[in-house]
Amino acid sequence: MTPAGDGSSDVLLGDAHGGAAEEGSPGSPVEDAAVDDEVVAAFLAGVALVSPRLVADPGLRAMLAGRALTVLHTTRARLRGQPEPARAPDVGAVRARTHVHPAESLRAASLLFRHALPPLLAQAAGLVPGPRAAEQIAVVLHEVIDALVVPAAISYVDVLLARISDANRDERRRVARDLHDHTSHGIGAAMQGLDLALHLVDTGRPLDPDRLRSTRRLLLDTLNDVRSLATRLRDMVGDRTLVQALQGYLDLTVPIELDATLTEQDEEAVDLPSHVKEESYLIVREAIRNSFVHARGATRLDVTVRIADGQLTAVVDDDGAGFDPAAVDTTRTVGLASQRERAEGLGGRAVLDAGPGGVTLTLTVPLPAASR
């Protein structure tokens, strides 16, 4: 939502017949401005009760106020038969970037209708004549709000779908890099060990048992890498619970030297939608994998899955050395971006705390009412 600052209110001067309205009379600029102030104040107060963060952020608060003014100005212009303000820009992409979910926008739209309708009805004499003025005002107000909300919701979804597509593409690229950097390297090094053994045999020299054992160890490590890649590519939650799927992943992959625990709170009592389980699993699994690979000096890994107050919360916490997210090479590391995009696709958030003393990934996902 962008505050109206294009001079569009200039077209709202004048009465329903296009003439200049007297200052203070019904439909005058002074009365319109007073109604605008009243509606915007009541609207923002209502939003503060249902979505406090939207009004706590100055940028989002200004966006909400601007969209409210756009709705009021456009509604009056349409009812008076005057030129309408320039079409407000689509804000769906902005909402996606600022984590404003369409559900929050719909709640705000409902509040705006509720707070704008009574003052506009009080202005009915200056807006539209006739016995059906109230019905006409309500219909036009609804149409104006709808014309702003629907395109923004569509573009919001388009942005998230594009991000998820990018994340999936980057994941495939990472698998290709892992195959090249680790698997191919391991196989190549093992081949050198075998070639040396064959050379010793051909020249009648004794084999080196330690070198053969090292070659075997290298092949075993490479095989485990391939199995891990295969697991990541085909792994799904399916009929299991989220905790069961995570426990299965930990059983297969946790290093021997790491003390890993998985705690579940109330998931068994809730039937999570399949898309929430699958996407949440991928996010948490990536956080676990990052701890295995990057948590230098870590001795423990704690994973917690909790469902309370209509929200899924998953926390992955290790006691490694931590890292500076700003120093991460984003051209080589796509996991963090993938976690954020997948979380936003669920209407939730993935927050990373990477300070000294360990790394904590906290995923929060609002749950549909039917699954609470």
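Scanning the stretch 53-86 for residues that are more than 21 Å from Arg114 (Cβ to Cβ) and touching an Asp or Glu at 6+ places or on another chain (Cβ under 6 Å) yields Ala77, Ala86. Within the bounds of the stretch 227-242, is there any residue that is closer than 21 Å to Leu346 by Cα, among the β-branched types (Val, Ile, Thr), touching a Lys or Arg at 6+ places or on another chain (Cβ under 9 Å) and not in a helix (DSSP H, G or I)? Yes, the stretch 227-242 has at least one match.
Scanning the stretch 197-232 for residues that are basic (Lys, Arg) and either closer than 30 Å to Arg172 by Cα or surrounded by 12 or more Cβ atoms within 10 Å (Cβ to Cβ) (or both) yields Arg211, Arg216, Arg217, Arg227, Arg232. Might you let me know whether the stretch 182-199 holds any residue that is modelled with pLDDT under 85, closer than 30 Å to Glu279 by Cβ and outside the structural domain of Leu111 (by TED's automatic domain parsing)? The answer is yes, given that some residue of the stretch 182-199 is modelled with pLDDT under 85, closer than 30 Å to Glu279 by Cβ and outside the structural domain of Leu111 (by TED's automatic domain parsing).
When the stretch 49-60 is limited to residues that are assigned to a helix (DSSP H, G or I) and surrounded by fewer than 16 Cβ atoms within 10 Å (Cβ to Cβ), the one that is nearest to the chain's Cα centre (by Cα) turns out to be Arg53. In the stretch 347-368, what count of residues is obtained for those that are surrounded by 15 or more Cβ atoms within 10 Å (Cβ to Cβ), modelled with pLDDT of 85 or more and either among the hydrophobic types (A, V, I, L, M, F, W, C) or part of a helix (DSSP H, G or I) (or both)? Of the residues in the stretch 347-368, 7 are surrounded by 15 or more Cβ atoms within 10 Å (Cβ to Cβ), modelled with pLDDT of 85 or more and either among the hydrophobic types (A, V, I, L, M, F, W, C) or part of a helix (DSSP H, G or I) (or both).
Residues checked against (1) over 15 Å from Arg349 (Cα atoms); (2) in the same structural domain as Leu252 (by TED's automatic domain parsing); (3) touching a residue at least 60 places away in the same chain (Cβ under 8 Å); (4) buried (at least 17 other Cβ atoms within 10 Å of the Cβ):
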{"position": "His275", "(1), (2), (3), (4)": "yes, yes, yes, no"}
{"position": "Glu278", "(1), (2), (3), (4)": "yes, yes, no, yes"}
{"position": "Ala287", "(1), (2), (3), (4)": "no, yes, yes, yes"}
{"position": "Ala295", "(1), (2), (3), (4)": "yes, yes, yes, yes"}
{"position": "Gly310", "(1), (2), (3), (4)": "no, yes, yes, no"}
{"position": "Val315", "(1), (2), (3), (4)": "no, yes, no, yes"}
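In the stretch 156-196, how many residues are surrounded by 13 or more Cβ atoms within 10 Å (Cβ to Cβ) and among the small types (Gly, Ala, Ser)? The qualifying residues number 6.
Candidates are the residues of the stretch 64-96 that are at pLDDT below 85 and part of a helix (DSSP H, G or I); the one that is surrounded by the fewest Cβ atoms within 10 Å (Cβ to Cβ) is Ala93.
Restricting Leu121, Leu117, Leu160 to residues that are under 23 Å from Arg67 (Cα atoms), in contact (Cβ under 8 Å) with a residue 40 or more places away in the chain and among the aliphatic types (A, V, I, L, M) narrows the list to Leu160.
The values are calculated or read from the model by the stated rules, or taken from the named source; none is laboratory data. Here the structure is a predicted model, which is why all the values come from computation and not from measurement. Quick reminder, even Gly has a Cβ in these numbers, built from the backbone with ideal geometry, and neighbours come from all protein chains shown.
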